[in-house]
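Only the coordinates and a few stated rules stand behind these numbers; no lab work does. Small disclaimer: the values here were computed from a predicted structure and weren't measured. Don't worry about glycine lacking a Cβ; one is built from the backbone with ideal geometry, like all the others, and counts go over all protein chains shown.
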Amino acid sequence: MSEYVKLTTNFAELIAAAARISSDAEEFTADVERLSADIAALETDDKLGTDHFGNEFRHLTYHQPVDGGDGGSVPANEAAKKAASAVGTTTASLADGISSGMQGYAMAELENQAEISSIDLKK
């Protein structure tokens, strides 16, 4: 069964939107990297504490093993950083897909227009 796409804007606008998404993804990724470094600087014993409460928080919550997505486990704090970083990467990939798809769609439209225009209706 065929499905048709109805675009309510032009290809250039969609490609421009994809470029903005890509730019935002790069900025987000840079922010996550900076914030992850800031967080890592605060993950020290003097910040988390070494008393009963600090140790309990560190081992039972902050460094609690969670599913790493690859069959293994990672500490919860590292999983959160990895997930935040993946948002930027995934969003950039989505933007690339939108841009590539729209360029392909535009080329197909141009080719179809050329074929239709080449039909001799006087025969």
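Laid out as a table, the results:
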read-out	value
Qualifying residue in region 42-53 (condition: surrounded by 11 or more Cβ atoms within 10 Å (Cβ to Cβ), in contact with a Phe, Trp or Tyr (Cβ under 9 Å, 6 or more places away or on another chain) and in contact (Cβ under 8 Å) with a residue 12 or more places away in the chain)	yes
Residues (hydroxyl-bearing (Ser, Thr, Tyr) and touching a residue at least 12 places away in the same chain (Cβ under 8 Å)) located in region 91-123	THR91, SER99, TYR105
Whichever residue in region 90-119 is of a type in the set (Val, Ile, Thr) and either surrounded by 14 or more Cβ atoms within 10 Å (Cβ to Cβ) or touching a helix residue (DSSP H, G or I) at 6+ places or on another chain (Cβ under 7 Å) (or both) and, among such residues, is farthest from ALA16 (Cα to Cα)	THR91
Any hit, region 55-66, residues being among the aromatic types (Phe, Trp, Tyr), over 20 Å from PHE11 (Cβ atoms) and surrounded by 10 or more Cβ atoms within 10 Å (Cβ to Cβ)	yes
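Per-residue answers, yes or no, for (1) part of a loop (DSSP other than H, G, I, E, B); (2) of a type in the set (Ser, Thr, Tyr):
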{"site": "LEU60", "(1), (2)": "no, no"}
{"site": "GLY71", "(1), (2)": "yes, no"}
{"site": "LYS81", "(1), (2)": "no, no"}
{"site": "ALA86", "(1), (2)": "no, no"}
{"site": "THR90", "(1), (2)": "no, yes"}
{"site": "LEU94", "(1), (2)": "no, no"}
{"site": "GLY101", "(1), (2)": "no, no"}
{"site": "TYR105", "(1), (2)": "no, yes"}
{"site": "ALA114", "(1), (2)": "no, no"}
